[in-house]
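Here the structure is laid out as C-alpha cells; the discussion comes afterwards.
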Amino acid sequence: MTPRWRPWLYLVPAIVVYGAFLLYPIGRSVQFSLYEWDGLGASEFVGLANYLGVLTDAGLRAAFGHALVLIAFFALLPLAFGLAVAAVLNRARVRGLGLFRTVVFVPQVLAMVVVAVAWRAIYAPDGPLNIALTAVGLDSLTRAWLGDYTWTLPAVGIVGTWVQTGLVTVLMLAGMARVPREQYEAARLDGAGPVREFVALTLPSVRGEIAVALTLTIVAALKTFDLVYVMTAGGPGNSTTVPAYEVFQRAFRTGQVGSAAAVAITLTVLIFGLNLVINRLVEPREDR
Amino acid sequence: MTTSRAETAMNYLLLVVVCAFALGPIVVVLVTSLQPDLGGGGIAWGNYAEAWSQGSFARYLRTSALVSATVLVVALTASVLAGYAFGTMTFRGSTVVFSLVLVGIMVPTEAIVVPLFYDLRTLGLTNTLWAVAFPQMAQSIAFGSYWMRAYFRTAPRSLMEAARLDGASERRVLWSILVPVGRPAIVTMTVLVFMWTWNEFLIALVMAPSGRLRTAPLGLANFQGQYTSETALLAAGAVIVALPTVILFLFLQRHFIRGMLEGVAK
C-alpha cells in the first residue's frame, strides 16, 4: 500500500506556486480592499467604504456600465451571429468546413495588443473604414471613431464581436453536428419549416454549448483591459473606462490602492456568480 | 438529407462572407505593413526591417521567449505531477484541494495583480523574470492540473496495473508509460500555456515597470505610443508580435480548438 503522504509529494510543486502566487494574493486583495492606502505611506482601515465606493463613485459606476455595454458586443452579438451561421451551415453539407473553422478561429490566438493596433488602423480618421464609407457615398457617417464620445465604446465593442464570433460559431457547429440527421429528416417529413426546426430541434441541442459560449465571452467582456489600454486609454474623457482599467489606474497611477482592490474583488465575485448562474441554468441537461 | 442547389450555393456564400469578416482586419494590417512612405512605390518589405530595429523587437521577442519557456517548464511539470496525484490516487483532502485549484481557473488576473506588485516590491523582486513568470505559472497550474487530471482519470488502468505488477515504481509508471501515452493532452496544454503567456499583457505591464523586461506585446504597445503616425511600421510590428502564435496555431490548430472549447478556461 502506498503511504498516506505519497500523493502530497506529487502535489507539492503545484500547491506551493499556486498557493503563493494565486491563493495568497487573493486573500491579500480582500485585505487591501478594506484599507485606504496610496501605495507608499501609512494605510487606514476603512471597513467596507471602498465597496460602497463601487456603488456610489460616478467613475466606477460608469466603468461597470461600460462593461455591460461590452457584454452585448462580446457575448450577445457573437451568440446571435454564431447560432445563425451554424444553423444555416448545418442544414446543407458543404465542403471546406475544416478550413472555415481554422480561419474564423484566428482572431482568438492573436494578442489583444495586436488586435488593438489593427483596429486602430481601421478606425483611423484616414483609415480604411472612413475611406470605404466615403467610397459608397456615406460621407456623412465618417468620423473620428476613437475620438467620439458616443461612438468610441461601440467601436471598441465591435472589436470584441470580431474576436469572439469565430469561437462561438465553432462551438455551435460542434454542438449541432451531434444531432442525428434522422431527426432533421423526421422533422421535415412532419412539415417543419426552417424556423420550427431551429426552435424545436437545433436550439435545445446546443444548450450546453450556449452556456459555455456565454461564460467564455461574458468573462472576456468583464476582464477587458488590453484593448482599452491600447486603443483608447479610457477616453475620450472617461467614455470607455472599464473595471479592469480602473483597477490598474487606481492601483498604480492615482494612489487609490484600496479602491482598486475593492473593484478587483467585485469583478471576481461577479465572474464567479455568473459562472454559477449559467451552470445552474444548463444543469438539467447533465441529468439526462 | 436533401438540400436544394440554391441552398448549397447560399451556404458557400455564407462561408466566404464570414471568413472575409474574420480575415478583413488581418488583411488590412498585412497590407498596411507593406505600404511605402508617401511618394514611394511598390511593396515596402523594408518596413519590417525598420520596425524590427526601431522597435527593438529582437530584445522584446527574446524576453517573451524567456518568460514563456520558464512558465512552460515549471507549469507543465507541476501540472503533470499534480494531475497524476488527483487522477490516479485516492487520498483524504483530494476533493477540497482540487476544488481550490478549480477556483483558480476562474479568478481574473485583476484580483491578484495589485497585492502581487506591492508585496513583491517590498521583497525587491519586481522587475525580475520571476515576478513576471511566477503569477503566470500559478494561473497555468490551475488550468493544467485540471486538464491533466482529466487525462489521468481516463488513462488505461490495466496498463498501470500491469506495470506495477512487473515491479515498476509509481514514478516509472508516470514518466515511462502515462506521459508518453498522454502526449496529445500534454501538447494541448503546452500550446495553450504558451499562447496565454506569449499574449499576456497586464502581468507583464505591472510586474516589470522599469521596462527592462518588456515582453513583445508590451513592446508593441510602447512602440505604438511613440510612433502613433507611423502606421506602416506599427502594422509591421503587430505582425512580428503575432507571428509566433499564429504559426503555432496553423500547425497545431486541433489542439488549440479542442483545448479552448473543452478547457473552458480563462
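The values are calculated or read from the model by the stated rules, or taken from the named source; none is laboratory data. Quantities reported herein were computed from a predicted structural model and do not represent experimental measurements. Note: ideal-geometry Cβ built from the backbone for every residue, glycine included; neighbour counts use all protein chains shown. The protein model used for the area step is the full one, side chains on, heavy atoms only, and it has no ligands, DNA or RNA in it. Shrake-Rupley method; radii C 1.70, N 1.55, O 1.52, S 1.80 Å.
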Per residue, accessible area of the stretch B:175-266 with a 1.4 Å probe, heavy atoms of protein chains only, in Å², comes to 38
Projected area averaged over all directions for the convex hull of the alpha carbon atoms of the protein assembly as shown, nm², comes out at 30.0
Expected field for A:Asp38, accessible surface area in Å² at 1.4 Å probe radius, rounded to 10, holds 80
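What does the charge count near A:Val85 come to, summing +1 for each Lys or Arg and -1 for each Asp or Glu among other residues with Cβ under 13 Å from its Cβ?
+2
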Interface buried area B-A, accessible surface with 1.4 Å probe, both sides summed, nearest 100 Å², comes to 7700
Using alpha carbon centers only, the stretch A:115-160 is separated from the stretch A:175-236 by a whole-angstrom value of 27
For chain B, the longest principal axis of the Cα atoms and the Cα long axis of helix B:129-154 enclose an angle in degrees, to the nearest 10, of 50
Tilt, helix B:5-33 to longest principal axis of chain B (alpha-carbon atoms), in degrees rounded to tens, equals 70
Checked against the positive end of the charge dipole of the protein assembly as shown (+1 on Cβ of Lys and Arg, -1 on Cβ of Asp and Glu, about the Cα centre), the farthest of B:Ser158, B:Met137, A:Val230 is B:Ser158
Sorted list, accessible surface of protein heavy atoms, 1.4 Å probe, largest first, for B:Glu7, B:Glu161, A:Glu185 is B:Glu161, A:Glu185, B:Glu7
Order by accessible surface, 1.4 Å probe, largest leading, for residues A:Trp37, A:Trp5, B:Trp45 comes to B:Trp45, A:Trp5, A:Trp37
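Below 8 Å, C-alpha to C-alpha, sequence gap of six or more: please give me the relative contact order for the stretch A:132-288 in percent.
Values: 109 pairs, mean separation 35.0, N = 157.
About 22 percent, as a whole number.
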Placing +1 on each Lys and Arg Cβ and -1 on each Asp and Glu Cβ in the stretch B:30-187, then taking the dipole about the Cα centre, the residue among B:Val67, B:Trp175, B:Val114 whose Cα reaches farthest towards the positive end is B:Trp175
Once all protein chains are kept in place, A:Leu274 shows an accessible area at probe 1.4 Å, nearest 10 Å², of 40
For A:Ile131, the accessible surface traced by a 1.4 Å probe with all protein chains present amounts, in square angstrom to the nearest 10, to 100
Rounded to whole angstroms and listed largest first, the alpha-carbon spread of the stretch B:32-91 along its three principal axes comes to 73, 19, 11
Across A:233-243, the residue-averaged tally of Cβ atoms belonging to other chains within 10 Å stands at 0
Among A:Val114, A:Ala187, A:Val163, the residue whose Cα sits farthest towards the positive end of the charge dipole of the stretch A:92-199, when +1 is placed on the Cβ of each Lys and Arg and -1 on the Cβ of each Asp and Glu, is A:Ala187
Rounded to the nearest whole number, the per residue volume of the convex hull around the C-alpha atoms of the stretch A:48-96 in Å³ is 90
Per-residue accessible area, 1.4 Å probe, largest first, puts A:Arg101, A:Arg253, B:Arg149 in the order A:Arg253, A:Arg101, B:Arg149
Regression test value, accessible area per residue of the stretch A:26-141, probe 1.4 Å, units Å², expected 47
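Send over the Kirkwood Rh of chain A, from the inverse of the averaged 1/r over different Cα pairs, rounded to one decimal Å.
Working: mean 1/r = 0.0451 Å⁻¹.
In chain A this quantity evaluates to 22.2 Å.
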Rounded to the nearest whole number, the per residue volume of the convex hull around the C-alpha atoms of the stretch A:78-134 in Å³ is 125
A student applying the Cα gyration tensor rule (rounded when a/c is under 1.5; otherwise prolate if a/b is larger than b/c, oblate if not) would label chain B oblate
Counting all Cα-Cα pairs in the stretch A:31-185, those more than 20 Å apart amount in percent to 67
At the level of C-alpha centres, the distance separating the stretch B:193-215 and the stretch A:1-78, in angstrom, is 19
For B:Val173, the net charge from surrounding residues (Cβ-Cβ under 13 Å; K, R +1; D, E -1) works out to +2
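Taking all protein chains in place and a 1.4 Å probe, what share, in percent, of the accessible surface of the stretch B:160-222 do carbon and sulfur account for?
That fraction is 55 percent.
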Note: A:164-170 gets an average of partner chain Cβ contacts (10 Å, Cβ to Cβ) equal to 2
In debye to the nearest 20, the charge dipole size for the stretch A:87-191, taken about the Cα centre with +1 at each Lys and Arg Cβ and -1 at each Asp and Glu Cβ, equals 440
Accessible-area loss of at least 30 Å² (1.4 Å probe, chain alone to full protein assembly) applies in the stretch B:112-142 to B:Ile112, B:Val114, B:Pro115, B:Leu116, B:Tyr118, B:Asp119, B:Arg121, B:Phe134, B:Ala138, B:Ile141
For chain A, the dipole about the Cα centre with charges only on Cβ (Lys and Arg +1, Asp and Glu -1), to the nearest 20 debye, works out at 900
